[in-house]
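Please read the structure below before turning to the comments.
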Amino acid sequence: MSLRQTAFLTLLAAGLLTLPLWIARVGLYQYLGIEILVWGLYALSFNLLLGYTGLPSFGHGAYFGVGAYAFGLLQKHVGANLWLDLGGAVLAAALCGALVAAFISHRRGIYYALMTIAFGQIVWFVAIKWHSVTGGEDGLLNLKRVPADFGFTSISLADNVSLYYFVLAICCLAVWLLWRIVHSPFGRVIQAIRQNETRAAFIGYHVWFYKWLAFVVSAGLSGLAGALFALAQLGAFPDVMSLHASGFVVMMTLIGGGLVSFWGPLIGAAVFFVARDALGALTSTWPLWYGVMFMAVVLLEPEGIAGLWQARRGRAAPPIAAQAGD
Amino acid sequence: MGLVTDLLPHLVNGVSLGLLFALIALGFMLILGVMEVINLAHGSLFALGAYLALTLLTPKSGPGAAAIAWYAALPPGTRFALALIIAPLLVGLFGMLIELCLRRTYGKDPLYGLLFTFGAALVIEELIRVLWGTRDYVLPVPPQISGGLLIEGMIYGKYRFFAAGFALAMIALLWLFIERTPYGAIIKAGAHDSEIVRALGINLPRLRMLVFALGAGLAAIAGIVIAPIWGIRPHVGVDAVVPAFLIIVLGGVGSFWGAVLASVLVGLAVGLTGAYASEWSLLSMYLLLIAVVTFRARGLFGKKSVLEA
């Protein structure tokens, strides 16, 4: 690991660990930290597909939502055990992802995007219409923040600061896992697929299976983020599955610079929520200005904040594949 | 006999709904097929057309009161026809603006075009909220085409027939334009081999701009024609753009008749399930999609497309 990366990670860790101490002083609030972490994890796992495998999944809210609903349903009907509910949520989202990926993994490009949108809409539609299970448009209400039971001790997650640290711990684990995945032989293969799928297939890799597996992992971790979001929100709501919400995660990933950096999506999530609150304080039409900003990023700096940073450091932004070795 | 008379209204309903879906999908298909851009702003342009027509049909007093009074005195049928021309033209201009910005993304990953239009959709939807508010509106329909028709003891809305006929006419016109005019030939050639088309001295950037404007205008036309049936809300665009996606995937990217056939199939599926399980009627189109792509990966008439690379 280079010195620059060590410095970045140290700063990031210090910033995230001390966040509850200063976030209220700068005019923001504790819950925002949880939102940024959850959506950051979601965007990071989404980027496994977009940035690393080169697959534009435009209906990813479905898996985030399935995680949230599975968490809520397990808590209500099976048992209010945090580990069971979180694990079940990951499993449900991964299964849903596995099913969808089986239909679409032989596609690529824009066609892939169209198919993921269609499947995302199916899940969203079921969530809205299946009243008896999902609560329809109102969603699943009155979920509880059950304490995290470690056997020898049990920690209450009722207040936002302790929940923040719990979410931070889970996110660290998940992000470490993602980091290992993208730097593993599997990670190399999916990056090869992004660069040239045909060539990867000719070398002898079973491209379909790699694309399928990347989707399953991404969906499962998105489901984990969704479950954490349900825990934080005390409910699971269908709006996270809408086309718009699925678009937001793409926005975060792109604005942060997910195409050129592992950490880009996390930065993008932070920018998204701070921008929402900052613009929201100034004007009630913040999506308008955020949309304009996003259009400008796509046109002028599609490599996002991380791309700007890399360019400032005087080198052409290396594609993700080139920096995988360190 | 009994079954036929029971089913007939639902079949009529399904086919007319399918034609409306086809009308929505036309502009989307044109932009996707020719420019290889997934225009996520399609639904917003659809809504924008409907809102502009609303403003044109229900003029309020303001500057130029005399002109407005003269305009308001026109018969409603004429005003409806005028709105059907003026609003798509305005939306077409808006489409040109989008295309002008979109130029920077040509030759890059097609993802950027999709993302840019997503941003545009967000902006248009919010603009609509600012200009017209969030309440629901109903687009007034001229008396000639409103009311009901009594056929064999069943009542059909006259406007539905008008809308379905209009959709049929638009499908035919677009097909004639693309397949039977030199402009259509140039557009298709531009999609196929832009280098040669440019070498032949054709102004390709202008052509692409006009195609985008045409696609946006078609979205607006669909928005206006469908508004009296679905009502006008800021998020009506999402209701419109999702069937358009489905239909294109179902019919196969790049296939005109595939899309039209898919629209009618989707309309029939929605119409028939609507008769027996109305709550789930919209799900049937998704199930239809899954069933088709399981067996025919490129949709009904899809060919291998450049978009897959």
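Of the residues in the stretch A:3-23, at least one is within 30 Å of A:E197 (Cβ to Cβ), at pLDDT below 85 and part of a helix (DSSP H, G or I). Considering A:A62, A:A68, the condition of being among the small types (G, A, S), crowded, with 23+ Cβ neighbours inside 10 Å and within 14 Å of chain B (Cβ to nearest Cβ) is satisfied by A:A62 alone. When A:A192, A:A227, A:A232, A:A214 are checked against the criterion of being away from chain B (no Cβ under 14 Å), touching a Phe, Trp or Tyr at 6+ places or on another chain (Cβ under 6 Å) and among the hydrophobic types (A, V, I, L, M, F, W, C), A:A227 stands alone in meeting it. With respect to the conditions (1) within 14 Å of another protein chain (Cβ to nearest Cβ); (2) of a type outside the set (D, E, K, R); (3) assigned to a helix (DSSP H, G or I), A:H106 falls short on a single one, namely (3). Within the stretch B:165-223, the set of residues being modelled with pLDDT of 85 or more, of a type outside the set (V, I, T) and outside any helix (DSSP H, G or I) comprises B:L200, B:G201, B:N203. Take A:T134 and tell me if it is β-branched (V, I, T), within 14 Å of another protein chain (Cβ to nearest Cβ) and buried (at least 24 other Cβ atoms within 10 Å of the Cβ). No; evaluated as a whole, the condition is false for this residue. If you check B:L82, B:L111, B:L89, B:L74 for being of a type outside the set (S, T, N, Q) and closer than 30 Å to A:V250 by Cβ, only one passes: B:L111. Looking at the structure I just gave you, is A:V182 at pLDDT 85 or above, under 25 Å from A:A14 (Cβ atoms) and away from chain B (no Cβ under 14 Å)? Taking the combined requirement at face value, the residue satisfies it. Only one entry in A:V38, A:V26 is more than 14 Å from every other protein chain (Cβ to nearest Cβ), more than 25 Å from A:P302 (Cβ to Cβ) and not in a helix (DSSP H, G or I), namely A:V26.
Applying the criterion of at least 2 residues that are of a type in the set (V, I, T) and buried (at least 21 other Cβ atoms within 10 Å of the Cβ) to the helices (runs of 4 or more DSSP H) found wholly in the stretch B:228-309 leaves B:236-251, B:256-276. Of the helices (runs of 4 or more DSSP H) lying entirely inside the stretch B:33-146, those containing at least 2 residues that are surrounded by fewer than 16 Cβ atoms within 10 Å (Cβ to Cβ), touching a residue at least 60 places away in the same chain (Cβ under 8 Å) and away from chain A (no Cβ under 11 Å) span B:76-102.
Look at (1) out of contact with any helix residue (DSSP H, G or I) (no Cβ under 6 Å at 6 or more places or on another chain); (2) farther than 21 Å from A:F64 by Cα and you find that A:L279 fails only one, number (1).
The values are calculated or read from the model by the stated rules, or taken from the named source; none is laboratory data. Since this is a predicted model, take the numbers as computed values, not measurements. Backbone-built Cβ (ideal geometry, glycine too); neighbour counts: all protein chains shown.
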